[in-house]
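Below: the structure, in structure tokens.
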Amino acid sequence: MSVRNATLCSPRPSAATLGETMIVETTLDLAAIPINHVAIKVDRFGFSANNITYQALGEHPHFRYFDFHTAPTSELAKTHGLIPVWGFGTVVASKHPKITIGERVYGYFAPTRYLVVPVSPSDVNKHAFYVPRPNLPPNRRPYNQIQRCATDPTYSAVTDAENLTMLYRPLFWTSYWCEDWLYSTGCYTPSDNSKVSILISSASSKTAFCLAYLIQKRIGNGELKNTKVVGLTSTRNAKFTENLGLYDEVHEYDTFRSDGAFQMQSERQWIYIDVAGNGLLNKEIQRHFASSSNGRVVKNVSLGVTNLQPTSSANDSMKWSHNAFDPTAPALAPSDARWPKTENFFMPEWLSVRKHQLPVSEIFQRQLNAWGSLMKDCINWVELQPVLGAKQVHDAYTRLAKEGLGPDKGLIWSLWEEGVAASINGKL
Ligand SMILES: NC(=O)c1ccc[n+]([C@@H]2O[C@H](COP(=O)([O-])OP(=O)(O)OC[C@H]3O[C@@H](n4cnc5c(N)ncnc54)[C@H](OP(=O)(O)O)[C@@H]3O)[C@@H](O)[C@H]2O)c1
């Protein structure tokens, strides 16, 4: 059966001239997919600054986000890549003996209507199947996993539960494992018993405020004492960030150095978690802590780069190249003695460390508990904003690339027009 496919394709930073992000239509014969491949109808996917980072780091030699899915034609693949997206879909064709048509699945898909992927013949279990990507490092396995909803204890078929899952799952697990990394490596508990503040930039982003939420949970459970969570954000997002109620203090990029409440906290040790990745801001923060009367930064973690734009050059993205868990990564020399070297946190790498330290059943149970709490607590944090249809998604993307992202909307996109998804499903 031949179907029309539509795919959002983005220019490669390495292409001689940066073209436009565009919708490309192709024809796909579902009956002709190769052996050990499945075709997934990608119903909906979440979109946030995280996806813009995937795009900006698409050709970065460490991250290689454009190597997960390829553009629909080999000619186009020379100039364009596909931004990975986390979404839900349904298997609509299968040439794999253990995967059946009609299965609901969640995974690291592409912004397309139909996605054809290979599935390793042996790497299938009742919870998930895996896309073999021998070209990528083995610790990228979480990205290769396609989860089978029927056996996922956290899955709910309610549309909004799927929407919240697409939006939060990739970000929340980063926040969750980053918090686990800070806690389990003793960062919160200085030997001199001084008070600890965790300073988080781009505090209005979901990754940042989920981290604040998780630290507050630990404080609430009595596991942490004398700990404060402090958010740094832009003026336009300050109200939103304060209203979340997840930070003990919120300060603005433009005024934090003159904001009396941020000064004179010499008794505190600070952990800086940088989600913005803004070099100028980081210089200002460094300048602030150059004075010992403002406290001492003991850990300096790079968690994100919300400041990367869809049009960021390969050169911009190369700045984000140091890796805390890569022993071969060269150390950054601290530019002054009061500023610790930057450590990059990359969730798949820390999780692969934890898988050697904790039984899988414990990891599974911890995640189940954390996810259950999040789904109850997150309902009012952002308003879900669905965009349906290829042209509409293209327009929404263009707007977002031009105007940036507001924190109060949770973007849920689909290249399918409303109603079409169900009828196509029915026919197959
Ligand atoms: N290390 C990892 O393993 C990992 C995993 C997941 C996500 N991340 C990273 O975490 C970051 C946050 O992702 P998210 O999806 O949580 O973000 P999000 O919820 O979409 O956050 C949007 C926020 O980004 C900032 N922002 C947006 N557009 C901007 C622009 N054009 N210029 C400057 N700032 C802009 C604003 O925050 P402010 O006004 O508060 O600055 C805005 O509120 C991303 O860089 C993502 O790649 C890292």
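Looking at the structure I just gave you, is TRP350 at pLDDT 95 or above and crowded, with 16+ Cβ neighbours inside 10 Å?
No.
Which members of segment 214-246 meet the condition of being surrounded by 24 or more Cβ atoms within 10 Å (Cβ to Cβ) and within 12 Å of the ligand (Cβ to nearest atom)?
GLY231, LEU232, THR233, THR241 - these are the residues of segment 214-246 that are surrounded by 24 or more Cβ atoms within 10 Å (Cβ to Cβ) and within 12 Å of the ligand (Cβ to nearest atom).
Here are some residues: ILE83, ILE23, ILE99, ILE40. Which one is within 16 Å of the ligand (Cβ to nearest atom) and of a type in the set (A, V, I, L, M, F, W, C)?
ILE83
Is there a residue being without any contact (Cβ under 8 Å) to a residue 24 or more places away in the chain, among the hydroxyl-bearing types (Ser, Thr, Tyr) and in a helix (DSSP H, G or I) anywhere in segment 160-183?
The answer is no, given that none of the residues of segment 160-183 is without any contact (Cβ under 8 Å) to a residue 24 or more places away in the chain, among the hydroxyl-bearing types (Ser, Thr, Tyr) and in a helix (DSSP H, G or I).
If I filter segment 113-158 down to residues being of a type in the set (S, T, N, Q) and surrounded by 13 or more Cβ atoms within 10 Å (Cβ to Cβ), which single residue comes out as modelled with the lowest pLDDT?
Step one: list which residues in segment 113-158 are of a type in the set (S, T, N, Q), which gives 120, 122, 125, 135, 139, 144-145, 147, 151, 154, 156.
Pick out the ones that are also surrounded by 13 or more Cβ atoms within 10 Å (Cβ to Cβ) and you get 120, 139, 144-145, 147, 154, 156.
Values: SER120: 90, ASN139: 82, ASN144: 96, GLN145: 95, GLN147: 97, THR154: 90, SER156: 89.
Looking at the filtered set, the residue picked out is ASN139.
Considering each of GLU417, GLU383 in turn, give the residue that is within 16 Å of the ligand (Cβ to nearest atom), over 17 Å from the mean Cα position of the chain (by Cα) and in contact (Cβ under 8 Å) with a residue 24 or more places away in the chain.
On the way: GLU417 fails: within 16 Å of the ligand (Cβ to nearest atom).
Exactly one residue qualifies, and that residue is GLU383.
Return the total of residues in segment 266-288 being open to solvent by 50 Å² or more (accessible area, probe 1.4 Å) and in contact with a helix residue (DSSP H, G or I) (Cβ under 6 Å, 6 or more places away or on another chain).
The number of residues fulfilling the criteria is 1.
Name the residue, out of TYR188, TYR213, TYR247, that is part of a helix (DSSP H, G or I), assigned by TED's automatic domain parsing to the domain that holds ASN282 and of a type in the set (Ser, Thr, Tyr).
TYR213
Check off (1) away from the ligand (no atom under 12 Å from the Cβ); (2) within 30 Å of SER10 (Cα to Cα); (3) at pLDDT below 85 for THR311 and give me the number that stays unchecked.
Of the numbered conditions (1) away from the ligand (no atom under 12 Å from the Cβ); (2) within 30 Å of SER10 (Cα to Cα); (3) at pLDDT below 85, the odd one out for THR311 is (1).
If I filter segment 51-63 for residues that are in contact with a strand residue (DSSP E or B) (Cβ under 7 Å, 6 or more places away or on another chain) and under 28 Å from GLY102 (Cα atoms), do I get at least one hit?
Yes: one or more hits.
Counting just the residues of segment 337-347 that are within 16 Å of the ligand (Cβ to nearest atom) and in contact with a helix residue (DSSP H, G or I) (Cβ under 8 Å, 6 or more places away or on another chain), which one comes out most open to solvent (accessible area, probe 1.4 Å)?
Within segment 337-347, the match that is most open to solvent (accessible area, probe 1.4 Å) is MET347.
Within the set of pairs 6 or more residues apart or between chains, which connect a residue that is in the same structural domain as LEU281 (by TED's automatic domain parsing) and on the phi < 0 side of the Ramachandran plot inside segment 226-240 to a residue that is of a type in the set (Gly, Ala, Ser) and in a strand (DSSP E or B) with Cβ atoms less than 9 Å apart?
Matching pairs, first to second residue: THR227/SER197; LYS228/SER197; VAL229/SER197; VAL230/SER197; ALA238/GLY231.
Say whether the condition of being over 14 Å from PRO407 (Cβ atoms), among the hydroxyl-bearing types (Ser, Thr, Tyr) and either in a strand (DSSP E or B) or touching a strand residue (DSSP E or B) at 6+ places or on another chain (Cβ under 8 Å) (or both) is met by at least one residue in segment 271-283. Give the derivation first.
Initial filter on segment 271-283 (over 14 Å from PRO407 (Cβ atoms)): 271-274, 277-283.
Still in the running and among the hydroxyl-bearing types (Ser, Thr, Tyr): 272.
Right, trim to either in a strand (DSSP E or B) or touching a strand residue (DSSP E or B) at 6+ places or on another chain (Cβ under 8 Å) (or both) and you get 272.
Yes, segment 271-283 has at least one match.
Looking at HIS69, HIS62, which one is open to solvent by 40 Å² or more (accessible area, probe 1.4 Å) and assigned to a loop (DSSP other than H, G, I, E, B)?
Answer to the check: HIS62.
Among the residues that make up segment 138-152, is at least one of them assigned to a loop (DSSP other than H, G, I, E, B) and without any contact (Cβ under 8 Å) to a residue 40 or more places away in the chain?
no
Could we say that VAL92 is surrounded by 17 or more Cβ atoms within 10 Å (Cβ to Cβ) and within 18 Å of VAL387 (Cβ to Cβ) here?
In short, no.
The values are calculated or read from the model by the stated rules, or taken from the named source; none is laboratory data. Bear in mind that the values here come from a model prediction, so they are computed numbers and not experimental data. In this analysis, Cβ positions are derived from the backbone assuming ideal geometry, glycine residues included, and neighbour counts consider all displayed protein chains. Heads up: the accessible areas ignore ligands, DNA and RNA and are worked out on the full protein's heavy atoms, side chains in. Shrake-Rupley method; radii C 1.70, N 1.55, O 1.52, S 1.80 Å.
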